[in-house]
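Before any comments, here is the structure.
The values are calculated or read from the model by the stated rules, or taken from the named source; none is laboratory data. Treat the numbers as computed from the prediction; the structure is a model and nothing was measured. As a convention, Cβ positions derive from the backbone with ideal geometry for all residues, glycine included, and neighbour counts pool all protein chains shown. Note: accessible area is taken over every heavy atom of the protein model, side chains too, but ligands, DNA and RNA are not part of it. Shrake-Rupley method; radii C 1.70, N 1.55, O 1.52, S 1.80 Å.
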Amino acid sequence: MQGRSLRPLRMAETGQPAPFRLGAPAYLIAFAGWVAASVLLLESAPELVGLAVSGTGPVAAAHAIGVVFFPFAVAAAAWQLLPVMLRNDPPRPWSRWVVLALLLAGIPLAIGVATGRPGLAAASAVVLAGGLVLFLVELGLLVRGAPSGRTLVVSRPAVGLAGLHAAASFALGAIVLSDEGPEPLGIPYERALLAHLTLAAVGWLTVLIAAVGRTLVPMLGLAAAAPRRRAPVAELVLVSGLWLFVGGVVGEVDALVAIGVLVMLAGLAAPVRLFGSVARSGKIGVREGPVAHVAVGLVFLLQAALLALAAVTGLVDGRRVAVAAVLFLGVGWALGVIVGHAGKLVSLSGWGSWPPGPRPKQADLYPRPGWQVEAVVFASGVELLAAGVLLESEGMARAGAALLVVSSLVALASAAETVRRVLVLRAATPARPAQTGP
């Protein structure tokens, strides 16, 4: 061994997170997409209050979130977390750069929708679909390659369910977007749109949050880990309620909608107890973005469920409630939780990818004050925007949307500050010379 340099040994049967040079650009693009979406929400606040959900503004804002923010943020987080959680690496990690390039098609897709250029939107959707397919294939390979008989910190069936619902949501969204008639697939347009959004927010994102969050939320909140389980019961119950809800929406059966909401709440009971415990007793808890967003997100989730139940009982206007509930569910819960975690994950990515030699504390890479401000402003913005829709107050809706613009800019600036700190500190850290000896 004399004279040969040593190399670090990989832990047995443990995958490697994606490098910082891949994750950082993906996270920054995601945050830039959220900035664009928040600006579009501000411009379309009058349309939301007027329930013109098929107008150019609301549709463009939804696509900036759905085809720019979510794909990049979820892909970056999955590349960083799932190889470790599922204890294996994909066979072709270089293909992630291809996925990243194809996901960029979400930007012209959102622009094509916003500017009324169906040709650009259609061509971009095809390219984006290719990226999503490659991403889902990698997800499937990671699930299949997870070693049997070893403890995994994320459920393989739950991750698979999330991937299937992501594909179903994208397919339904493409049909709704391409069909210019009032009833795509024989379903009234607004009901088809609600089914599409619910499949994405619940079937894809909430299932993923529940599955990965069992490990990630306690870890980032410095709280006790979740107990081991044999099967993803919570996620299975949640998905059962989702499909009852979707069936009720599509079939215009209010009783089925109500049952679906109640079953989904039952499926969320265990994750809510866990996340609430982390917020109360974690050593970090709500003092940082991840758990802070989970805490306020749970309130938004409950508000969305209560509004849905009030709508099916005829106590309130169903169309108005649906718009507010989608804001609570899609923006307040799903987007908010992912924004809060992405800010922390980009710093963890930089810290975990540090070259051999002295490394800073992870906390030195995470601008906590910025993310604290972002969480407070974000929560206030969602509440005001949804309240403006419910109360038919354009001024209140505009104020809420303006706060969301501020929070998105703070999020982008905070993530960019993390990247800056990583690059500056890396450049200032002397490289450790190669070790030699026996």
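Does Leu348 qualify as being out of contact with any Cys (no Cβ under 8 Å at 6 or more places or on another chain), of a type outside the set (Gly, Ala, Ser), at pLDDT 90 or above and closer than 25 Å to Ala37 by Cα? No; evaluated as a whole, the condition is false for this residue. When the range 293-328 is filtered for residues that are assigned to a helix (DSSP H, G or I) and of a type in the set (Gly, Ala, Ser), the ones remaining, listed by number, are Ala295, Gly297, Ala304, Ala305, Ala308, Ala310, Ala311, Gly318, Ala322, Ala324, Ala325. Within the range 106-115, at least one residue is touching a Phe, Trp or Tyr at 6+ places or on another chain (Cβ under 9 Å), buried (at least 21 other Cβ atoms within 10 Å of the Cβ) and either closer than 25 Å to Val207 by Cα or acidic (Asp, Glu) (or both).
On the basis of being within 19 Å of the chain's Cα centre (by Cα), at negative phi, part of a helix (DSSP H, G or I) and at pLDDT below 90, does Ala122 make the cut?
Criteria not met by Ala122.
Listed by first and then second residue, the pairs linking a residue in the range 47-59 that is closer than 22 Å to Ala174 by Cβ to a residue that is part of a helix (DSSP H, G or I) and of a type in the set (Ser, Thr, Tyr), with Cβ atoms under 9 Å apart and 6 or more places separating them unless they lie on different chains, are Ser54/Tyr189.
Per-residue answers, yes or no, for (1) β-branched (Val, Ile, Thr); (2) open to solvent by 10 Å² or more (accessible area, probe 1.4 Å); (3) assigned to a helix (DSSP H, G or I):
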| residue | (1), (2), (3) |
| --- | --- |
| Gly357 | no, yes, no |
| Gln372 | no, yes, yes |
| Glu383 | no, yes, yes |
| Gly395 | no, yes, yes |
| Gly400 | no, no, yes |
| Val405 | yes, yes, yes |
| Arg421 | no, yes, yes |
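Just wondering, is there one or more residues in the range 190-201 that are open to solvent by 20 Å² or more (accessible area, probe 1.4 Å), polar (S, T, N, Q) and within 21 Å of Gly163 (Cβ to Cβ)? For the range 190-201, residues open to solvent by 20 Å² or more (accessible area, probe 1.4 Å), polar (S, T, N, Q) and within 21 Å of Gly163 (Cβ to Cβ): absent. Taking each residue of the range 272-290 that is polar (S, T, N, Q) and looking for partners that are surrounded by 17 or more Cβ atoms within 10 Å (Cβ to Cβ) with beta-carbon atoms closer than 7 Å, six or more apart or interchain, yields Ser277/Ala223; Ser281/Ala223. When Ala162 is tested against (1) closer than 24 Å to Trp79 by Cβ; (2) open to solvent by 10 Å² or more (accessible area, probe 1.4 Å), just one condition goes unmet, and that condition is (2). Looking at the range 169-181, can you tell me whether even one residue there is touching a residue at least 60 places away in the same chain (Cβ under 8 Å) and of a type in the set (Val, Ile, Thr)? No, the range 169-181 contains no residue that is touching a residue at least 60 places away in the same chain (Cβ under 8 Å) and of a type in the set (Val, Ile, Thr).
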